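The values are calculated or read from the model by the stated rules, or taken from the named source; none is laboratory data. Remember, predicted model here, so these are calculated numbers, not experimental data. Neighbour counts run over all protein chains shown; Cβ positions are idealised from the backbone, glycine included.
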Amino acid sequence: MEDYSGCCNKKKMIYGWLRDAEIQLKSVTMPDVLTLALVGVIPIGVAFVLLAGLRWSAARAMGVGWLLAGGIGLTYWSMDPTWLLASAIYGAFQAVDIILIVFGAILLMNYLEGSGAIATIRWYFGQIEEDRRIQVLLIGLGFMTIIEGAAGFGTPGALAAPLLIGLGFPPLAAAVFGLYFNAPNPPFGAAGTPVTGGTGAVIEPALSGSMSVNEFLSAVSAWSGIVTGLTYVFWGLLGVFFLTYWFGDASGGRSISKAVQSTLPIAPFALLLGVVTGGTQLVIAWFVGPALPDIAAGFVVLAVGLQLANNNILIPESEWDFPEESRWSDTWLGGLELDEVSQDQSKKEMSVLLAWTPYLLVALALLITRWPDLTISGVAVLDWIQSFSISLDSILGTELGYTLQYLYLPGTMPFIPIAILTGFIHKMDTSQMGMAWRRSVKQVAPAALTLVIAVSMTQIMIQSQTNTADFLGMMEALSRALAMGAGGLLPLISPLIGAIGSFMTGSNTSSNILFSVLQYNAADTVGLSRTIAVSLQNVGGGLGNMVSVLNIAAICGVVGITGREGDLLRKAIIPMIIFAVFAGLFGMLLTYILVPSLF
């Protein structure tokens, strides 16, 4: 007879969690919380409508949200004006950390563009392999993962899509897979900005001293890496299936069986690269932190993939290619004429190793400065670097304070120094270096304004818990309402909440700024793991980038198919749903079965 005791114990444990959650919820007066939540959601709701509905710029939409948050805080929540202003200023200071990271990452990218390093990298990919399945895997799992880890903020798709077109991909395919392969990467993009700059900018009040911010962020990094790492195992293979299904027959006669037949020969190669990418990302996220998983995973999978391709290991005998260009549909071309679809004219400007050197230096610097227990001459490197800081202990006489750890911040160390060093090792002249700085300032300025407004607004909503009306804070009320609605299914919908945030803002970081505290408090209310909830929020913020209106519009502009955003969205939403369902179900498994007692 089989032993069912373990199964019964697990069921009892799950029922116990749900019963405890029900008891906690009954202690809250439903109408009061719902009323506060309905009022508190106004700033975010209005910003969402302005962004997604009326297509306002993010800065304008968030500006209206900021004004509404401030007005509601002063009137309905009866916040002290000094406290409200201090909260807004505190949020603006928190945004400085993120802005410096974004600026440093984009500066390095512009140096590499100006020096010819990016052109050399593009040239190199064009020499490797003719099979389109192998090309999309090497670029998607390798190149795009490195670029996301080093730069983030939409850069991978903007660089990869033109590269794919240059290799002979239809413009729509280049745009689709420029979004698709970046979905598991943004949680660790731009040296971990969504975790350290996004969640880290707003989570401290919610922790209330239960653990340090750095400890919590390390845990979020680790569990985010578990989810994205496991996703990567099948993500490359699924990408090949979609490639052969969507773009295998120019007449539109799609066939699942034909797509499967075209996918199976490449399955060993795709699965191995998926395991290497996900395994590396998972290990680095767990043991080192959020700054290095993407960069390390990209380099490792690129090295493994190139070695396999160059030695014809696990490479199918027959190559797969698109139908002849003359048969491409108007949808594939995105409205362009064939003579407008330019082949890549990139050329070798320097040695391939020299072109990759700045990224290797970034990876090395981040590894040295983020390794938890690394000591040199008896000095703990991480502690020593974090000891250099500039602090403002009290903002407007309140208990709110700000600290900038300038040697620990990826933007100031290592991005900006390595960007400057790149100018010398790539022998750039002063006009090229000056152009890189000017372009970076111009590119970052709109994002900087948006981030200042968004973080400031979010801090007003969080700090509204300090008020003379004795109300729950806006974010706390929203969290409790979410907990009441989702209950024990919160882990299932947490990734979707994160996806809504990035759909709305085009940024994993901004999504985490808006919803990390909401997810944390909702999980706390129903007695579930706060770490898993925030990790799923972080993962969801990444997958939402696939369907973000801003990202889709940007990548369509890059490849020259503006006006065909609907075609791209209809394809991107399918893998997004698959990823969201997988992450949500796996989150339920983690929460109730594998690590039910995790903080």
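The numbered conditions (1) at pLDDT 95 or above; (2) among the small types (G, A, S); (3) closer than 19 Å to G506 by Cα are all true for G53 except (1). One residue alone among T357, T398 is surrounded by 15 or more Cβ atoms within 10 Å (Cβ to Cβ), modelled with pLDDT of 85 or more and part of a loop (DSSP other than H, G, I, E, B), and that residue is T398.
With respect to (1) surrounded by fewer than 24 Cβ atoms within 10 Å (Cβ to Cβ); (2) within 30 Å of L451 (Cα to Cα), the lone exception for L167 is condition (2). For segment 147-157, the count of residues that are among the charged types (D, E, K, R), at pLDDT 90 or above and out of contact with any strand residue (DSSP E or B) (no Cβ under 7 Å at 6 or more places or on another chain) is zero.
Scanning segment 103-116 turns up no residue that is buried (at least 24 other Cβ atoms within 10 Å of the Cβ), within 14 Å of the chain's Cα centre (by Cα) and among the small types (G, A, S).
Check segment 62-79 and report whether any residue there is at negative phi, in contact (Cβ under 8 Å) with a residue 60 or more places away in the chain and in contact with a Phe, Trp or Tyr (Cβ under 6 Å, 6 or more places away or on another chain). For segment 62-79, residues at negative phi, in contact (Cβ under 8 Å) with a residue 60 or more places away in the chain and in contact with a Phe, Trp or Tyr (Cβ under 6 Å, 6 or more places away or on another chain): present.
Tell me which helices (runs of 4 or more DSSP H) are completely within segment 108-214 and hold 1 or more residues being in contact with a His (Cβ under 9 Å, 6 or more places away or on another chain), or say none if there are none.
117-126
Among residues of segment 571-593 that are under 22 Å from G527 (Cα atoms), those with a beta-carbon under 8 Å from a residue that is among the basic types (K, R) at least six positions away or on a different chain give the pairs Y592/K10; I593/K10.
List the number of the failed condition for I420; all other conditions in (1) touching a helix residue (DSSP H, G or I) at 6+ places or on another chain (Cβ under 7 Å); (2) part of a helix (DSSP H, G or I) hold. Every condition holds for I420 apart from (1). At least 3 residues being surrounded by fewer than 23 Cβ atoms within 10 Å (Cβ to Cβ) and not hydroxyl-bearing (S, T, Y) is the threshold, and among the helices (runs of 4 or more DSSP H) wholly inside segment 427-537 those reaching it are 430-463, 474-486, 490-505.
Taking helices (runs of 4 or more DSSP H) as the structural unit, those lying wholly within segment 234-330 and holding at least 1 residues that are within 30 Å of F415 (Cβ to Cβ) correspond to 267-287, 293-310. Beta carbons closer than 8 Å, at least 6 apart along the sequence or on distinct chains, pair a first residue in segment 138-154 that is farther than 25 Å from I315 by Cβ with a second that is assigned to a loop (DSSP other than H, G, I, E, B) for E148/N182; E148/N185; G149/N185; G149/L292; F153/S507; G154/G506.
Within segment 426-434, does at least one residue satisfy the condition of being more than 25 Å from I121 (Cβ to Cβ) and not basic (K, R)? No, the conditions are met nowhere in segment 426-434. Test L172 against the stated conditions and say whether it is farther than 28 Å from P414 by Cα, surrounded by 24 or more Cβ atoms within 10 Å (Cβ to Cβ) and either under 20 Å from the mean Cα position of the chain (by Cα) or free of Cβ contacts under 8 Å to residues at least 24 places away in the same chain (or both). So L172 does not fit the description; no. Name the residues in segment 301-325 that are farther than 16 Å from P184 by Cα and of a type in the set (A, V, I, L, M, F, W, C), would you? Once the filter is applied, which keeps residues that are farther than 16 Å from P184 by Cα and of a type in the set (A, V, I, L, M, F, W, C), segment 301-325 yields L302, A303, V304, L306, L308, A309, I313, L314, I315, W320, F322.
Residues that are free of Cβ contacts under 8 Å to residues at least 24 places away in the same chain and among the aliphatic types (A, V, I, L, M) occur at least once in segment 210-229.
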